[in-house]
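Input: a single structure, listed below in structure tokens.
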Amino acid sequence: MAALIAENFRFLSLFFKSKDVMIFNGLVALGTVGSEELFSVVAFHCPCSPARNYIYGLAAIGVPALALFLIGVIWNNHTWNLVAECHKRGVKNFSAAATFLLFGSIMGRAAVAPVTWSVISLLRGEAYICALSEFVKPSSLDRFPPEYGAEVLARFPCRDVPANLTKFRDEVTRRLRYESQLFGWLLIGIVAVLVFLTKCLKHCCSPLSYRQEAYWAQYRSNEDKLFRRTAEVHSRILAAKNVKHFFGFVALNKEEKELVQEFPVEGVQPSPQWNAITGVYIYRENKGFPLYSRLHKWAKGVEGNGPTPEGHELLFLAS
């Protein structure tokens with residue numbers, strides 16, 4: 001138990017330090033595995049009752065997967081960029097391909113944790129056995145006593161059965177675990193093929209060379225880090241000025257005093273500027289020169305969001 005808890009805390013610490021998409025997805029999968037193991041040890045208890053087993057077993061697999069999927073959608077920056085885009089500008093300037101790429105990116109990243117949860121649940125088999133044990137046909141079991149029915153079969157996952165049914169319980173458990181693990185391995189194979197085909201399609205359809213795409217990824221990462229860091233400092237200095245204006249003084253530590261002296265802040269950016277750099281961004285060029293982000297586009301003074309003779313959309317979404 002302590003090892004599982006330590007594993008999840010390690011996952012959380014690495015999660016906030018992760019920069020690469022593949023590393024991020026791997027950490028999400030690792031954290032999901034640890035969480036599923038902890039859930040199985042602590043929280044999963046089959047009711048071993050007809051009609052309840054099926055609902056409980058499916059809920060144990062589906063409800064956490066749904067919750068993880070929604071969390072993944074919420075944590076994805078593209079989700080809120082899309083909300084801002086729809087609210088401020090609408091998506092009429094996006095082609096069908098660009099819209100598909102956007103939703104594919106959001107759903108693909110959000111699916112990592114729920115797919116991992118479902119795969120681990122199926123490979124373990126407990127939830128599947130709990131859900132379907134009562135539906136095993138007694139006629140499929142050699143010499144199964146006719147006086148027993150679905151009520152006894154529903155108790156097989158809890159091992160609370162008469163002694164003369166022990167061998168039948170083992171056979172049913174083995175059969176259902178085989179089916180569950182088979183579905184788990186098939187799901188792994190299908191996901192692997194889909195990921196491979198998606199990566200191939202992305203690189204085949206990309207208008208950028210491999211090196212330019214790598215540069216774009218580095219630019220986005222550096223811009224985001226610098227923007228967040230600068231915004232934090234800017235907001236702190238502005239807050240310090242407003243607090244000083246209200247009280248007549250402001251209690252700053254040494255670091256904050258140095259920041260106030262080094263970076264003069266006169267005011268805040270107007271809302272149109274914030275709107276211009278907020279929202280979904282599809283890679284564009286202007287007169288042959290790349291525009292790597294909305295901030296880059298705003299800094300270059302390029303107006304408009306849709307395809308124009310000078311600036312055309314290349315249907316490539318920032319990953």
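The values are calculated or read from the model by the stated rules, or taken from the named source; none is laboratory data. Predicted model, so just to flag it, every value in this text is computed and none were measured. All Cβ positions, glycine included, derive from the backbone under ideal geometry; neighbour counts span all protein chains shown. Accessible surface is based on the protein model in full, side chains and every heavy atom, while ligands, DNA and RNA are left aside. Shrake-Rupley method; radii C 1.70, N 1.55, O 1.52, S 1.80 Å.
The alpha-carbon positions of the stretch 210-300 define a convex hull whose volume is 125 Å³ per residue.
I need the Kirkwood Rh of the stretch 139-196: take the reciprocal of the average 1/r across all distinct C-alpha pairs and report it in angstrom.
Values: mean 1/r = 0.0750 Å⁻¹.
The answer is 13.3 Å.
Enter the accessible area per residue of the stretch 210-300 (Å², integer; probe 1.4 Å; all protein chains in place). Spell out each step's value before the answer.
Working: 6480 Å² over 91 residues.
Heavy-atom accessible area per residue stands at 71 Å².
Return the loop-located trypsin sites (Lys or Arg not before Pro) in the stretch 197-304 (DSSP other than H, G, I, E, B) with at most 15 other Cβ atoms within 10 Å of their own Cβ; answer none if there are none. Provide the component values of the computation, followed by the final result.
Values: sites: Lys199, Lys202, Arg211, Arg220, Lys225, Arg228, Arg229, Arg236, Lys241, Lys244, Lys254, Lys257, Arg284, Lys287, Arg294, Lys297, Lys300; in loops: Lys287, Lys300.
Here the trypsin sites (Lys or Arg not before Pro) that fit, given the DSSP loop and packing criteria, are Lys287, Lys300.
For the stretch 141-236, the Cα-based Rg and Dmax, in that order, read 28.3, 78 Å.
If I compute solvent accessible area with a 1.4 Å probe over the protein chains, what percent of it on the stretch 210-300 is carbon and sulfur? Please list the in-between numbers first.
Numbers: 3780 of 6480 Å².
The C+S portion of the solvent-accessible surface of the stretch 210-300 is 58 percent.
Backbone phi angles across the stretch 104-118, fed through the Karplus curve with coefficients 6.51, -1.76 and 1.60 (θ = phi - 60°), yield HN-Hα couplings of x, 5, 5, 5, x, 5, 5, 7, 4, 5, x, 5, 4, 4, 5 Hz in residue order; Gly and Pro are listed as x. Annotation: the stretch 37-205 has a Kirkwood hydrodynamic radius of 18.8 angstrom, from the mean reciprocal C-alpha pair distance.
Restricting the stretch 182-274 to chymotrypsin sites (Phe, Trp or Tyr not before Pro) that sit in a DSSP loop and have at most 16 other Cβ atoms within 10 Å of their own Cβ leaves Phe249.
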